[in-house]
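Take a look at the structure set out below.
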Amino acid sequence: MAGFSKLYAIGGLGGFQGYDGINPIELQILVGDADRQWLEPYYVNRKIRPLGSLRAIVPQGPDHPNALLDACLAFYPKHFDGCSTIMTVASKLQGTTKLDFDADPKAVPEEWDLLRKEAEPLFEALNIFEAELRPMRIPRC
């Protein structure tokens, strides 16, 4: 059975942070689990656009250490505008809706590893909150 197990909320950027450090929330990255794990965005700020036409990424493996960085690069490239390879990668991903690091690593632009290295300091500056998703039991009255 497939479903979402976790979400990451990203926000509190641009010089304004709410009391909790995350508001205003810019986007959420949902983590889905089935026979393979995938990540997909939910844009709170509708002005944000992904790299190319990306709507999902599949990491190299479940909870892979690069999964969240890769998702932020794919779904929030505006934050990484200072990276010299971002435009090259974006042009190579035009029309691509899914980036699969597991089953189709040859479809990942060869510059992606360099982009990860360039993006690390900017990634570390993001305000990210993590939430595990589990069914809520509502008591009956």
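The values are calculated or read from the model by the stated rules, or taken from the named source; none is laboratory data. Just so you know, these numbers come straight off a predicted model, no measurement behind them. Using ideal geometry, Cβ is built from the backbone for each residue, glycine included, and neighbour counts are taken over all protein chains shown. Keep in mind that these areas ignore ligands, DNA and RNA; they rest on the heavy atoms of the full protein, side chains included. Shrake-Rupley method; radii C 1.70, N 1.55, O 1.52, S 1.80 Å.
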*asked:* Can you tell me which of (1) within 23 Å of E118 (Cα to Cα); (2) in contact with a strand residue (DSSP E or B) (Cβ under 6 Å, 6 or more places away or on another chain) is the one P24 doesn't meet?
replied: (1)
*Scope region 97-141; condition open to solvent by less than 50 Å² (accessible area, probe 1.4 Å), out of contact with any Lys or Arg (no Cβ under 7 Å at 6 or more places or on another chain) and in a loop (DSSP other than H, G, I, E, B); matching residues*: F101, V108, E111, L126
*Could you tell me which residue of region 62-86 is nearest to A9 (Cα to Cα), considering only residues that are open to solvent by 20 Å² or more (accessible area, probe 1.4 Å) and part of a helix (DSSP H, G or I)?*
L68
_Go through (1) open to solvent by 30 Å² or more (accessible area, probe 1.4 Å); (2) part of a helix (DSSP H, G or I); (3) hydrophobic (A, V, I, L, M, F, W, C) for V89 and report which single condition fails._
(1)
